[in-house]
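**Student:** Right, I'll just put the structure down here and ask away after.
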Amino acid sequence: MKDNNILAVVLAGGKSKRFGEDKNQTKLGDKTLLEHVLLKISNRYEEILIVSSHSIDTKKIKNVTIIPDCFDDFGPLAGVLSAMKWVKENQKSYQWIATYPSDTPFFETSIIDEYQKRIKLKDSLLYFVKSNNKRHNIFGLWSIELLKPLENDLINNNFRKVEDWANKIGVKTIDIEPKKFDPFFNINTKEDLEEAKKILKKY
């Protein structure tokens, strides 16, 4: 079931310094890392917004919009703010955005169902996924109500790290117990890519 109250946002604006080239277009099996993510979420959301200044091919996926970061070199928080501002500027009705990194191809889409449960609870404006006692700060569910405080903290208070800002605002976690391997394994280096190829064979 698609939830029209949530906009899916893929944060794909990283510089991939540790990887040495744009990770978004790197192949894992017969798909790019970005395609792995997009294909997983495309049937669960009405629209997908990609925040990136890179040149990206999304012809295989419908209802995708690509926008640049509203601030250069401000990190993922700027990507989140960019998505929220896009919602407001285009008079969309979304009250939440769900963020996904572009370099984590194995995550389970069951987290989307968990997001919908949290919205109904109304006990936080921000949620992050947690597995193996590690909080994944890019797998997040963010209320649009956070737009103004986020913009203020980026511009006036020099916040750049997602973790620091979330701790300041207050965040709850959605705990996921991995069955075999950590589905939130992300690819930062060429060595990680080789490990991902091994996982893909067993996936």
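Please treat every number below as a calculation from the coordinates, not as lab data. Computed from a prediction, not measured in an experiment: that's the story for all the values here. Every residue, glycine as well, gets a Cβ built from its backbone with ideal geometry; the counts of neighbours run over all protein chains shown.
**Student:** Where Lys and Arg each count +1 and Asp and Glu each count -1, what net charge lies around residue 80 among other residues with Cβ under 11 Å from its Cβ?
**Tutor:** Result for the local shell: -1.
**Student:** Here is a further query. Nearest 5 is fine: what % of DSSP beta bridges in the stretch 6-202 come out antiparallel, could you say?
**Tutor:** Once the DSSP bridges in the stretch 6-202 are tallied, antiparallel ones form about 40 percent.
**Student:** Nearest 5 percent is fine: what portion of the DSSP beta bridges confined to the stretch 101-193 is antiparallel?
**Tutor:** About 55 percent, rounded to the nearest 5.
**Student:** OK, next. Can you give me the Kirkwood hydrodynamic radius for the chain, using every pair of distinct Cα atoms, in Å to one decimal?
**Tutor:** 17.2 Å
**Student:** Under 16 Å Cα-Cα from residue 180, which aspartates and glutamates qualify once same-chain neighbours fewer than 8 residues away are excluded?
**Tutor:** Qualifying aspartates and glutamates at Cα under 16 Å: 108, 195.
**Student:** While we're on this one: What is the distance, in nm, between label points placed 7 Å from the Cα along the Cα-to-Cβ direction at residue 173 and at residue 134?
**Tutor:** 1.2 nm
**Student:** Would you mind getting me the FRET efficiency between residue 120 and residue 88? Use the beta-carbon distance for r and R0 = 25 Å, nearest 0.05.
**Tutor:** The calculated FRET efficiency here is 0.60.
**Student:** Set the Förster radius R0 to 22 Å, insert the Cβ-Cβ distance between residue 181 and residue 53 as r into 1/(1 + (r/R0)^6), and round the FRET efficiency to 0.05.
**Tutor:** The value I calculate is 0.10.
**Student:** If you don't mind, there's one more thing I want to ask. Taking H placed 1.01 Å from N in the peptide plane, check which residues at least 5 places from residue 136 or on another chain put their amide H under 5 Å from its amide H.
**Tutor:** When sequence neighbours closer than 5 places are left aside, the close amide H contacts are 129, 130, 131.
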